[in-house]
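Below is one structure, written out as structure tokens; the observations come after it.
What follows draws every value from the coordinates through simple rules; no lab data is involved. Bear in mind the structure is a predicted one, so any value in this text is a computation, not a measurement. Note: ideal-geometry Cβ built from the backbone for every residue, glycine included; neighbour counts use all protein chains shown.
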Amino acid sequence: MPAPLYPHDTNSSFAPSVITSTIMGRPPKKRASLKTDGLDTDIIIPIMGPTGAGKSSFINIATGQDLTRVGHGLESCTADIQVIPIPHPNDPTRRIVFVDTPGFDDTYVSDADILKCIAEWLENSYRKDKRLSGIIYLYEISQKRMSGSSRKNYLMFGKLCGDEAARNIVLATSKWDMVKSDLGEDRERQLAVFWQDLIHHGSRMARFSGTHESAWRIIDSITVRDRVNDVLIQRELVDLMKFLPETQAGITLRLTLSELLEAQKKVAQDIQNGGNDEYARQLNADAGDLLWKISSQIQQLNVPLSKRIQRMFGLL
Ligand SMILES: Nc1nc2c(ncn2[C@@H]2O[C@H](COP(=O)(O)OP(=O)(O)OP(=O)(O)O)[C@@H](O)[C@H]2O)c(=O)[nH]1
Ligand SMILES: [Mg+2]
């Protein structure tokens, strides 16, 4: 029997509860009992974005409770999907369901595992006819420049959602307290150019200033819209019966990892040519380790022949 999308609380359907979907090999931090499916009237809003952008903080600030763990070190914090239903503040018959997601470039979990985890959750919700109301993509305005991983994160996000879902996406900038306002505004203008594809298809930019009111302005701008019928990866996995590596997001990740592999091979070669002292040996070992990790992620993004044959004969 397929796992339910998220649980009702045993005592009240509207009490906040958290359910965690586990990434391979990592135990969930919290596990609520899985009882029944979500409600048809639920307003489902995943929060996505690079690791450390403030996704979990956004949910805690919006709910006014510590429902999901916030990271305080250099390492990524959320490693699993966490589903957090709360009562709708203006409509007690409905729930807002936040979905806290891990950011790509997580320090513990590979990007391939993260994509698999997010894709499985989206596939599961689509199969159960639970449509998303919108997606909030958070990005730190305090970042001095857009790093390679932030670019990769946005690229994956765009390929995951597709053009049709764009009008239900809010591209929200966070951590405004960490920049001078004129610098923040300047970066905001640069982001508008970088995000132009999604904006062209209807996504909106917003500022999250770290307050409850600011979080709800963003959430309210989503709740007034019709639900998203067409998140690309959901259609690819369910309607078109593609395997994850065959989806646009899967193909994009594979390409990015292949580029990274080539760059890392060059680094490893330079290190090998650089001497044979203890420091060089350590660098060599680290480079070899990274090469192995990237290669095994690429390997994960291959569809085994046996699966393709099974699909060809309708055995899946
Ligand atoms: N100064 C400042 N810090 C913030 C703000 N929002 C979040 N933070 C801090 O940023 C760090 C990361 O926040 P998280 O909410 O864990 O970020 P996340 O996007 O959930 O990170 P992952 O789970 O690793 O993907 C924490 O130390 C937060 O306290 C903000 O508006 N201003
Ligand atoms: Mg988090």
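Grab the beta carbon distance between Glu262 and Gln65, set R0 = 35 Å, and tell me the FRET efficiency rounded to 0.05. Write down the numbers at each step before the final one.
On the way: r = 46 Å, r/R0 = 1.31.
After rounding, the FRET efficiency stands at 0.15.
Computing FRET efficiency as 1/(1 + (r/R0)^6) for Asp182 and Asp270, where r is the C-beta to C-beta distance and R0 is 45 Å, gives about 0.65. Cross-link reach is defined here as a Cα-Cα straight distance under 13 Å, omitting same-chain residues fewer than 8 places apart; for Lys265 the aspartates and glutamates meeting it are Asp286, Asp289. In summary, the convex hull built on the alpha carbon positions of the stretch 241-312 has an orientation-averaged projected area of 5.4 nm².
Pairs exceeding a 20 Å alpha-carbon distance, out of Lys55/Lys152; Lys152/Lys307; Lys116/Lys266; Lys55/Lys128; Lys144/Lys266; Lys159/Lys242: Lys152/Lys307; Lys116/Lys266; Lys55/Lys128; Lys144/Lys266. Here the stretch 41-63 and the stretch 108-183 have alpha carbon centers that stand 10 Å from each other. Amide H to amide H distances under 5 Å link Ile135 with Ile169, Val170, where only residues 5 or more positions off or on other chains count and H is placed in the peptide plane. Overall, the anisotropy analysis places the stretch 113-181 in the prolate class: the square-rooted eigenvalues a ≥ b ≥ c of its C-alpha gyration tensor yield a/c not less than 1.5, with a/b exceeding b/c. Other residues whose C-beta falls under 15 angstrom from the C-beta of Leu315 contribute a net charge of +3, scoring Lys and Arg +1 and Asp and Glu -1.
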